[in-house]
Amino acid sequence: MNVKQLIQQIRLRPGMYVGIPTLESIHLFISGFLYNNIMTGRADYVDSAFKKQFHSWVRNELEEKNGMKFTKEQNYVFYINQAFPDAEQRINAFFELCNRFFREIDSSIEKKY
């Protein structure tokens, strides 16, 4: 299982994975999953892309689409928390941003082959 597949599963049943779903609890669960995949050699290109690129990708998306400007580097939780006023909106935004990010990753892989 890679992070894309995990996030799809979390979206269907967040309480099963993180208890009370918050963006922070989802982030911590995903971070632990990625750490495990990297340490055990199971990380694939999707895991690597998510770990290395998702924070800055979210920042760029929110700056471009929401007209925001962030002054320093943070993680995606910070950017999403700044852009959306309530917890439910943040979680929904996270899953939507993930969908768009993974579509771009899949598209870039298809172009290589």
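Scan GLU61, GLU96 and give me the residue that is within 21 Å of ARG11 (Cβ to Cβ), open to solvent by 40 Å² or more (accessible area, probe 1.4 Å) and among the charged types (D, E, K, R).
GLU96
Of all residues in the range 25-55, count the ones that are open to solvent by less than 80 Å² (accessible area, probe 1.4 Å) and not hydrophobic (A, V, I, L, M, F, W, C).
Matching residues across the range 25-55 total 12.
Do you know which residues across the range 16-36 are within 16 Å of the chain's Cα centre (by Cα) and farther than 17 Å from ALA93 by Cβ?
Of everything in the range 16-36, those that are within 16 Å of the chain's Cα centre (by Cα) and farther than 17 Å from ALA93 by Cβ turn out to be TYR17, LEU28, PHE29, SER31, GLY32, PHE33, LEU34, TYR35.
What residue, of ILE80, ILE105, is over 12 Å from the mean Cα position of the chain (by Cα) and either part of a helix (DSSP H, G or I) or at pLDDT 95 or above (or both)?
ILE105
Residues that are surrounded by 14 or more Cβ atoms within 10 Å (Cβ to Cβ), farther than 20 Å from SER107 by Cα and touching a Pro at 6+ places or on another chain (Cβ under 9 Å): does the range 78-88 have at least one?
yes
Consider only pairs whose beta carbons are under 6 Å apart and that are at least six residues apart or on different chains; among these, list those whose first residue lies in the range 81-107 and is more than 15 Å from THR22 (Cα to Cα) and whose second residue is modelled with pLDDT of 95 or more and open to solvent by 20 Å² or more (accessible area, probe 1.4 Å).
What qualifies is PHE101/TRP57; PHE102/LYS4.
The values are calculated or read from the model by the stated rules, or taken from the named source; none is laboratory data. This is a predicted model, so every value here is computed, not measured. Cβ coordinates were reconstructed from backbone atoms using ideal geometry, including for glycine residues, and neighbour counts include every protein chain displayed. For accessibility, only protein heavy atoms count, side chains too; no ligands or nucleic acids. Shrake-Rupley method; radii C 1.70, N 1.55, O 1.52, S 1.80 Å.
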